[in-house]
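The values are calculated or read from the model by the stated rules, or taken from the named source; none is laboratory data. This structure is a prediction, so every number in the text was calculated from the model and none was measured. Counting neighbours? That spans all protein chains shown, and the Cβs are built from the backbone with ideal geometry, glycine included.
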């Protein structure tokens, strides 16, 4: 491989432009852009030096690429990821991975077969406080975890309005795939796939064709019970707020974007820096500096890991690989089935997904 990773950012909407800015600033990346909106391409072409393509197929056929960043509407992820993998190109895909968990499984297998890096943008796994929660759980800090509360709230849909790709269930997957995916991915990281999902409710608040709030109960055999509470029609929050709280036999554990708090009934042998009673660690002291900061250091960190892994010739992502994202896609399929049928759903019995899949590369509305 050349000294720099030749990488294309595909889809130049809000998230895609952020990714482009970070990748373009990376010292080990040689960046190309691609978007289906002719107007956007024309405007950007006048202001950036990087080559910009309007057609994804032409991009793949005409450029010698090491990797792509897929930041298009969710319904396009599966076919676009497959097209890149079939050309032996490493892939970073924005979350959710796929709206159909069977697509996710197939793409995970394909990436593994070809020894390609597949990474999905679940950036909360790069937030210092949530990483510290993981470390404390692995150390057994609060003993046996008995109950978990996983929440996410934010101001996405605050009034009845014309649908966008994000609020179109067949294109973006609604609140479940856009918001609930984040705390669910953290729960998968901490405890693995749930063995049982029940009591799921997917309700509309202002949207006509998709869910605006999601509630569910997840259970693990010989593990905790978790309550999921998510609402993207909550104007009391300026932006998305994700938090996880846990109760265990030796105390309590809480994390959000800013801090990780733990209450210990008794000190834990080998766990330095934590005493009996309340302990607080802030994300700022738990985070390593990265080469470039935009939106949040976690966004820079995940792309940094991806680019460095590609440059180093690794065959798998260190974090947020396709397999872990597939686990989250399947957990969301369990919630959908439970909400639709009213019957509890087990991991081994989740049915084939019902998400609509429209093939084709670009919507006029990029992610």
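Among (1) under 16 Å from the mean Cα position of the chain (by Cα); (2) crowded, with 21+ Cβ neighbours inside 10 Å; (3) farther than 20 Å from residue 66 by Cα, which single condition is residue 92 missing?
(3)
Answer yes or no as to whether residue 84 is closer than 26 Å to residue 12 by Cα, surrounded by 16 or more Cβ atoms within 10 Å (Cβ to Cβ), in contact with a strand residue (DSSP E or B) (Cβ under 8 Å, 6 or more places away or on another chain) and in the same structural domain as residue 242 (by TED's automatic domain parsing).
Working: closer than 26 Å to residue 12 by Cα: yes; surrounded by 16 or more Cβ atoms within 10 Å (Cβ to Cβ): yes; in contact with a strand residue (DSSP E or B) (Cβ under 8 Å, 6 or more places away or on another chain): yes; in the same structural domain as residue 242 (by TED's automatic domain parsing): no.
Taking the combined requirement at face value, the residue does not satisfy it.
List the number of the failed condition for residue 201; all other conditions in (1) surrounded by 16 or more Cβ atoms within 10 Å (Cβ to Cβ); (2) in a strand (DSSP E or B) hold.
With respect to (1) surrounded by 16 or more Cβ atoms within 10 Å (Cβ to Cβ); (2) in a strand (DSSP E or B), residue 201 is out only on (1).
When you scan the stretch 335-343, do you find a residue that is assigned to a loop (DSSP other than H, G, I, E, B) and either over 15 Å from residue 193 (Cα atoms) or within 22 Å of the chain's Cα centre (by Cα) (or both), even just one? First the steps, then the outcome.
Within the stretch 335-343, the subset assigned to a loop (DSSP other than H, G, I, E, B) is 342-343.
When the remaining residues are screened for being either over 15 Å from residue 193 (Cα atoms) or within 22 Å of the chain's Cα centre (by Cα) (or both), the result is 342-343.
The answer is yes; a qualifying residue exists.
Hey, can you tell me all the residues within the stretch 271-293 that are buried (at least 16 other Cβ atoms within 10 Å of the Cβ) and within 26 Å of residue 24 (Cβ to Cβ)?
283, 287, 290, 292
What number of residues within the stretch 234-257 are surrounded by fewer than 16 Cβ atoms within 10 Å (Cβ to Cβ) and in contact with a helix residue (DSSP H, G or I) (Cβ under 9 Å, 6 or more places away or on another chain)?
Counting residues in the stretch 234-257 that are surrounded by fewer than 16 Cβ atoms within 10 Å (Cβ to Cβ) and in contact with a helix residue (DSSP H, G or I) (Cβ under 9 Å, 6 or more places away or on another chain) gives 0.
Residues checked against (1) surrounded by fewer than 21 Cβ atoms within 10 Å (Cβ to Cβ); (2) in the same structural domain as residue 168 (by TED's automatic domain parsing); (3) part of a strand (DSSP E or B):
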site: 19; (1), (2), (3): no, no, no
site: 27; (1), (2), (3): yes, no, no
site: 30; (1), (2), (3): yes, no, yes
site: 61; (1), (2), (3): yes, no, no
site: 75; (1), (2), (3): no, no, no
site: 99; (1), (2), (3): no, no, no
site: 106; (1), (2), (3): yes, no, no
site: 109; (1), (2), (3): yes, no, no
site: 112; (1), (2), (3): yes, no, no
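Among the listed residues 226, 193, identify the single one that is part of a strand (DSSP E or B) and under 19 Å from residue 336 (Cβ atoms).
On the way: 193 fails: part of a strand (DSSP E or B).
So the residue among 226, 193 that is part of a strand (DSSP E or B) and under 19 Å from residue 336 (Cβ atoms) is 226.
Only one of (1) more than 17 Å from residue 122 (Cα to Cα); (2) at pLDDT 95 or above; (3) not in a loop (DSSP other than H, G, I, E, B) is not met by residue 92, so which one is it?
In the conditions (1) more than 17 Å from residue 122 (Cα to Cα); (2) at pLDDT 95 or above; (3) not in a loop (DSSP other than H, G, I, E, B), residue 92 misses (1) alone.
This table checks each residue for (1) under 17 Å from the mean Cα position of the chain (by Cα); (2) surrounded by fewer than 23 Cβ atoms within 10 Å (Cβ to Cβ); (3) part of a strand (DSSP E or B); (4) not assigned by TED's automatic domain parsing to the domain that holds residue 333.
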residue	(1), (2), (3), (4)
140	no, yes, no, no
148	no, no, yes, no
151	yes, yes, yes, no
157	no, no, no, no
162	no, yes, no, no
170	no, yes, no, no
175	yes, no, no, no
179	yes, no, no, no
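If residue 231 satisfies all but one of (1) out of contact with any helix residue (DSSP H, G or I) (no Cβ under 7 Å at 6 or more places or on another chain); (2) surrounded by 21 or more Cβ atoms within 10 Å (Cβ to Cβ); (3) at pLDDT below 95, what's the number of the condition it fails?
(3)
Output yes when any residue across the stretch 32-49 is in contact with a strand residue (DSSP E or B) (Cβ under 6 Å, 6 or more places away or on another chain), under 18 Å from residue 118 (Cβ atoms), in the same structural domain as residue 101 (by TED's automatic domain parsing) and crowded, with 19+ Cβ neighbours inside 10 Å, and no when none is.
Scanning the stretch 32-49 turns up no residue that is in contact with a strand residue (DSSP E or B) (Cβ under 6 Å, 6 or more places away or on another chain), under 18 Å from residue 118 (Cβ atoms), in the same structural domain as residue 101 (by TED's automatic domain parsing) and crowded, with 19+ Cβ neighbours inside 10 Å.
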